[in-house]
Amino acid sequence: MASSVHRSCHRLLALYLRPPPAPARHSFSPHPARLRSFFPAPPGCRLGTHAITLAEPDLVPPEEEDDDDARFIVVTFYKFVPFEDPRAEVASHLHFLQGRDIHGRIYLNEQGINAQYSGPRKDAVAYADWVKKDHRFCDMLVQTSPALTGHAFPRLKLRYKPSLVQLEGGSWHLPLLDPSMRATPLTPSMWKERLEAKACLDVSSSETSGRRLLLLDVRNDYEWDVGHFEGAQRPNVDCFRSTSFGLSGEMENPSDPLDGVDKEKTDILMYCTGGIRCDVYSTILRKKGFRNLYTLEGGVSNYLKAEGPAGWVGNLFVFDGRLSLPPATFRPSEGEEEEERWVGRCYACGSEVVELRHRNCANIDCNRLYLSCGWCAAELAGCCCSGCKAAPRLRPLLPGHQRYLKWHVYRDADCC
């Protein structure tokens with residue numbers, strides 16, 4: 001038995017130590033879970049009663065196609081490309097979206113575009129297809145997922161933004177347009193191989209000549225609480241803007257997973273929800289001397305669609321009205337045994353929380369996003385702790401899955 005495990009580890013290590021091939025980036029518009037293709041079905045034939053029926057999955061009655069077009073989906077994509085006049089690009093995009101039912105956040109600047117939006121499938125797909133008609137975006141990865149209750153965003157914000165992601169000091173000074181400065185992208189299948197190889201490295205470290213593999217979650221602590229890859233350390237940050245992994249310098253920082261890491265002999269596997277945070281932060285790490293940086297292409301959402309929940313535990317936190325999505329959202333596992341559910345912890349009392357859905361602290365001067373059990377939510381009046389419960393400006397406890405309006409709406413109002 002031991003020799004069999006040993007041989008298996010050797011095979012995985014051989015895959016891991018093999019340099020990854022240059023990933024091919026194809027034009028890709030993945031199908032949303034339980035939704036049909038982006039592309040219209042081929043025209044059907046009107047056959048007589050004696051004709052043979054062809055089993056074409058996309059040949060659907062017109063009324064079904066109309067129903068499909070009306071279903072809401074969430075679409076996400078980003079691309080780093082140089083824009084000489086990004087404000088003119090904004091105007092062009094706004095013009096195209098006139099009359100289309102799109103809500104979300106779409107930001108453009110001199111370094112590219114970052115988009116997350118919702119809408120009826122017909123409108124949502126039309127915009128993504130229009131963007132990809134530009135040769136600079138023809139190979140852009142477009143990801144979709146269902147929005148079963150309608151819009152996942154309250155309104156459309158399409159504008160110029162100096163930084164495509166929230167980062168302390170902005171991102172305009174980072175070499176985002178230079179692919180060699182960003183982490184090497186790994187396809188979901190290659191990422192899965194690396195995860196399996198990491199398990200062997202952990203038990204066979206004496207045979208790796210000091211080489212190490214580190215899994216780095218480039219998200220926030222509350223995202224990790226909902227779900228994460230096995231073996232990833234919980235990030236000690238609650239906002240990407242304040243991320244400082246690998247920036248400790250000579251000062252020891254136990255909460256920094258990159259503190260004391262050998263920059264030459266450590267392969268760092270970075271992941272986030274959709275990929276853009278890893279691409280941005282990898283340029284910072286590259287400038288700090290980290291040489292072996294790899295990122296999950298398309299992020300966790302792309303991995304769950306391609307590989308399912310292998311190596312992943314829990315749900316995926318998303319920054320829209322849905323908040324938490326089970327892996328089956330991206331790849332339905334019909335006929336397969338249901339994976340054991342990940343259990344989170346209440347921020348206030350530490351008890352188990354099965355419903356992985358966050359709430360904001362009722363104290364508008366805190367606004368922390370956290371998991372809470374039902375008892376603590378009621379006992380603390382929607383606050384994250386007793387200190388916040390005693391704060392002067394409190395919002396009311398909202399029942400069920402209701403969400404607060406933006407905090408600034410309550411800022412100058414009389415709070416309950």
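Key figures
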quantity	calculated
Heavy-atom surface of the stretch 197-308, accessible at 1.4 Å and reported per residue (Å²)	39 Å²
Placed amide H near Lys157: partners under 5 Å, 5+ positions off or other chain	Gly104, Arg105, Ile106
Pairwise centroid distance, computed over Cα atoms, of the stretch 102-151 with the stretch 209-256, Å	29 Å
Sparse-neighbour loop sites [chymotrypsin sites (Phe, Trp or Tyr not before Pro); the stretch 119-209; at most 16 other C-beta within 10 Å; DSSP]	Trp172
Theoretical gain in end-to-end length, Lys288 to Glu84 [0.36 nm per residue, Cα-Cα removed]	70.5 nm
Average accessible area per residue (Å²) across the stretch 72-153 - probe 1.4 Å, nucleic acids and ligands excluded	41 Å²
Rounded percent of accessible protein surface that carbon and sulfur make up, the stretch 91-161, 1.4 Å probe	53 percent
Cβ-derived FRET efficiency at R0 60 Å, Asp101 paired with Glu252, nearest 0.05	0.70
FRET efficiency, 1/(1 + (r/R0)^6) with R0 56 Å, evaluated for Arg368 and Ala91 via beta carbons	0.90
Descending Cα extents along the principal axes, the stretch 83-199, whole Å	51, 37, 30
Cβ charges +1 (Lys, Arg) and -1 (Asp, Glu), total dipole of the stretch 100-210, debye	620 debye
Ser386 paired with Lys263, simple spin-label distance in nm, labels 7 Å along Cα-to-beta-carbon	4.7 nm
Rg/Rg_ref, the stretch 168-319, where Rg_ref = 2.2 N^0.38 Å and atoms are Cα	0.99
Rounded FRET efficiency, nearest 0.05, which uses the C-beta distance separating Leu398 from Ala70 and R0 of 30 Å	0.55
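The values are calculated or read from the model by the stated rules, or taken from the named source; none is laboratory data. The structure presented is a predicted model; accordingly, all values stated were derived computationally and were not measured. Note that we place each Cβ from the backbone using ideal geometry, even for glycine, and neighbour counts take in every protein chain shown. Side chains included, ligands, DNA and RNA excluded: accessible areas come from the protein's heavy atoms. Shrake-Rupley method; radii C 1.70, N 1.55, O 1.52, S 1.80 Å.
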